[in-house]
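Structure first, then comments.
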Amino acid sequence: MTGPRTPRFPRLLVTGGAGFIGSCFVRDRLARRDGTHIAVLDKLTYAGNRANLASAESDPEQAARLEFVQGDIADPTVVAPLVAEADAVVNFAAESHVDRSILDPEAFLRTDVLGVHVLLEACRAEQERAAKGERAAAPRFLQVSTDEVYGSVESGVSHEDDRLEPRSPYSAAKAGGELLVRSYFVTYGLDAVVTRGSNTYGPYHHPEKLIPLFITNAIDDQQLPLYGDGLQRRDWLYVGDHAGAIGHVLAHGRAGETYNIPGGNERANREVVARLLELLGKPWSLVRQVEDRPGHDRRYAMDGSRLAALGWRNGMPFEEGLAATVQWYTHNEAWWRAIKSGEWEDYYRRQYAARLAGSRDAG
Ligand code: NAD
Ligand code: TYD
């Protein structure tokens, strides 16, 4: 019998590891039981949730390989000692919601641009230590970016070398962050890779986003605020596949390269909502057509051949993933009800009260 293979990066620093995709990455990695140690650095903003790591923390073998640090990626005094202990840094930390970036852009610049800068500077310092023989190798840096940096793609698919044309404060900040990463590869020779994932869905997704918002509202027979005509198109990627693809790029990606991570499941928002209601046994009459998001990107779609050539394949069919997600929310009400309180109520009012008051039948 052979044991698990020694991982290429036995000590990982995972920033934003208490969020949706980051926590999936951490849970999946620890569950491999290959000896990997993970330090999670997370500010625990409204989107961060220690409960997302509970399954690992309650397993003694996994818990012994997990360290949690509450802190800000934009704080060099917190970041430097953690990067000094890491063989690789995977940066999930971000302000991640387009609608909040429209209400309040500044936090996006602080975390998604300046935070990335602080992480890169810490990696550069470690690279200098490696050059002096003070550590074995410089850390590898993986920046988790998004298809939204390409802007709205009316037809065809985005390739990694296409122009970046972000259109929201969120996507502009993410573009800034990943361009900094690129500059550190070119200028300082940092071992860095970038991934651009598509719209991700699955368990532990904060209920501010389309799929979990509509599932949880529908469970409570609350209205579902569909922006504009609801014919905007997104390419849906299951969270376990997104986290797995990031791990694959971390292990096999070429330094300085960017990799699209498409889901291969392009759907109009209306189609997704109809399927969710079907799975929940709830009526379409819950759906309300509301004022559109300003600057709303009509469509995202990416080419995935570079990632495929690296040997990655997604595993979750959309129908199955959506059904599993609906089931998870129906079985984990305590998780999302705790989030849909406090700060949430103020956000929901700001984002939706006027929209719902002026809403109409969604046809
Ligand atoms: P999320 O909002 O669920 O999680 C973000 C995490 O980062 C939270 O735990 C939060 O507390 C933490 N965080 C925020 N600011 C921080 C700071 N300054 N310092 C330390 N921690 C901080 O986001 P997500 O959906 O899991 O997305 C993770 C990453 O993937 C982001 O970089 C996002 O841009 C990218 N991405 C997301 C999607 C998607 O559909 N969700 C798609 C493509 C790319
Ligand atoms: P979202 O989950 O916010 O992801 P992104 O904006 O990053 O694609 O939104 C997905 C799609 O759903 C997008 O076209 C906006 C739309 N949407 C609504 O129609 N109503 C809502 O309440 C939300 C949150 C999103």
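No lab work stands behind these numbers, since they all come straight from the coordinates. Just so it is clear, the model here is predicted, and its values are computed rather than measured. A quick note on method: Cβ atoms are made from the backbone with ideal geometry, for glycine too, and the neighbour counts reach across all protein chains shown.
Dipole of the chain computed with +1 at Lys/Arg Cβ and -1 at Asp/Glu Cβ about the Cα centre; of TRP335, PRO283, GLN127, farthest Cα towards the positive end is GLN127.
Considering only the Cα atoms of segment 1-108, their convex hull presents on average a projected area of 7.4 nm².
Placing a pseudo-label 7 Å from each Cα along the Cα-to-Cβ vector at GLU278 and ARG5 gives an inter-label distance of 4.0 nm.
Cα-based Rg of the chain per 2.2 N^0.38 Å, rounded to two decimals?
Working: Rg = 20.1 Å, N = 363, 2.2 N^0.38 = 20.7 Å.
Taking the Cα Rg and dividing by 2.2 N^0.38 Å, one obtains 0.97.
Shape summary: segment 255-339 maps onto an equivalent ellipsoid whose semi-axes, from the alpha-carbon gyration tensor, are 29, 19, 14 Å in decreasing order. With 10 Å bins beginning at zero, the pair-distance distribution over Cα atoms of segment 162-294 amounts to 11, 33, 31, 17, 7, 1 %.
On the principal axes of its alpha-carbon atoms, segment 25-164 has extents of 47, 40, 31 Å, going from largest to smallest. Restrict the search to segment 38-141; then list the GluC sites (Glu not before Pro) that DSSP places in a loop and that have at most 13 other Cβ atoms within 10 Å of their Cβ. Here the GluC sites (Glu not before Pro) that fit, given the DSSP loop and packing criteria, are GLU134. Comparing VAL116, VAL326, VAL186 in a Gaussian network model of the chain (Cα springs below 10 Å), the most mobile by mean-square fluctuation is VAL186. Restricting segment 86-142 to trypsin sites (Lys or Arg not before Pro) that sit in a DSSP loop and have at most 13 other Cβ atoms within 10 Å of their own Cβ leaves LYS132.
Annotation for segment 179-276: trypsin sites (Lys or Arg not before Pro) lying in DSSP loop with at most 15 further Cβ atoms inside 10 Å of their Cβ are ARG254. Under a 10 Å cutoff between Cα atoms, tell me which one of ASP59, ASP99, ASP28 has the largest fluctuation in the Gaussian network model of the chain. Answer for the Gaussian network model of the chain: ASP59.
Expressed to the nearest 5 percent, the antiparallel share of DSSP beta bridges inside the chain is 10 percent.
Segment ARG313..ILE219, full-extension length gain: 30.5 nm, with 0.36 nm per residue of separation and the alpha-carbon distance subtracted. Name the long-range amide H neighbours of TYR259: under 5 Å, sequence gap of 5 or more, or other chain; modelled H, no Pro or chain starts. Under 5 Å from the amide H of TYR259 lie the amide H atoms of VAL194, THR195, ARG196, each far enough along the sequence or on another chain.
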